[in-house]
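Take a look at the structure set out below.
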Amino acid sequence: MVECWDGSLGSAHPLFFLGVLILAGYAGGRLAHALNLPRISGYIVAGMLLSPSITGILCEQVVEHDLSLVTDIALGVIAFSV
């Protein structure tokens, strides 16, 4: 497992991480649509790439504690989209 990044990114406000997630999801959706794949595939791949287990951009603490409500809402939106 990759450790969380040190420095100012590790102590950033949770809204910063929310913005990163939204931008990455948007970019992933656009890329998937350009490749004639469903946009949901791009959202899922972007989330996987930002996860603590792959790149460590989002710390495990941020995902579990700070963005737990956002995670639940995102899973609901993905389930509704499917």
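The values are calculated or read from the model by the stated rules, or taken from the named source; none is laboratory data. If you're wondering where the values come from, they're calculated on a predicted model, not measured in any experiment. Please note that ligands, DNA and RNA were not included when accessible areas were found on the heavy atoms of the full protein model with its side chains. Shrake-Rupley method; radii C 1.70, N 1.55, O 1.52, S 1.80 Å.
Miscellaneous remarks
- Surface composition of the chain: carbon plus sulfur atoms contribute 69% of the solvent-accessible area (1.4 Å probe, protein chains only, all chains present).
- Accessible area per residue for the chain, computed on protein heavy atoms with a 1.4 Å probe, is 70 Å².
- J(HN,Hα) series, the range 73-81, from Karplus relation 6.51 cos²θ - 1.76 cosθ + 1.60, nearest Hz, glycine and proline x: 5, 5, 5, x, 5, 5, 5, 5, 5
- Relative contact order %, the chain, counting alpha carbon pairs below 8 Å whose residues are six or more apart: 34 percent
- Helix 39-50 and the longest principal axis of the C-alpha atoms of the chain enclose an angle of approximately 20°.
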